[in-house]
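Notes follow the structure.
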Amino acid sequence: MLLMGLLGAGLVTGASHLPLLAITLLLLCGSMVQRMTRVRRRFGGWQWLAALMLLVFQPEWSGLDAAAFGRLAVGCVLAAIGQVMVVTWSIMRLSRQIQCVVDAMNDADVLALLPTSAAEDARLWLAGDDRKQVELAQVIMLSVLHAALTSVPARKGERRALYG
């Protein structure tokens with residue numbers, strides 16, 4: 001939403017700030033997509049090429065019509081924002097699927113996921129012994145997350161994004 005707001009503000013302020021705003025938004029979208037998908041590349045992706053292209057095709061240098069340059073800049077930024085929205089939507093969809101799997105588990109399913117020593121500690125915790133509550137919370141959370149991730153079909157990039 002912030003990206004769309006920045007684009008709208010840039011369009012309202014006029015064409016004088018559009019090249020700088022478009023380049024900034026392209027680079028911001030590229031870094032957001034890389035961060036969300038945890039992709040580590042030496043080359044930043046098509047957003048860096050588009051930002052470089054917008055620098056090269058400035059109307060003052062290239063002789064390109066200012067209106068055509070504005071349409072090119074807006075098109076590049078809309079494509080970058082669209083990519084951010086698609087990645088965000090797929091991560092949200094995957095997290096909802098995982099949450100549904102976790103919500104369907106009962107206590108017996110969770111206890112079956114735990115190693116034997118942790119299962120004994122969990123039974124004691126259910127009986128009222130709070131001595132190992134912090135350790136159990138971590139072990140149970142990781143076990144349930146692992147079981148949910150293995151049961152939900154997902155693309156590699158989506159799954160990688162959830163590990164944060």
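The values are calculated or read from the model by the stated rules, or taken from the named source; none is laboratory data. None of these values were measured; they are calculated from a predicted model. Every residue, glycine as well, gets a Cβ built from its backbone with ideal geometry; the counts of neighbours run over all protein chains shown. Just so you know, the surface numbers come from the protein's heavy atoms only, side chains and all, with ligands and any DNA or RNA stripped out. Shrake-Rupley method; radii C 1.70, N 1.55, O 1.52, S 1.80 Å.
Here region 39-57 is the region considered, the condition is being open to solvent by 20 Å² or more (accessible area, probe 1.4 Å) and assigned to a loop (DSSP other than H, G, I, E, B), and the residue that is modelled with the lowest pLDDT is ARG42. Of the residues making up region 30-38, one or more are surrounded by fewer than 16 Cβ atoms within 10 Å (Cβ to Cβ) and either at pLDDT 85 or above or more than 28 Å from MET141 (Cβ to Cβ) (or both).
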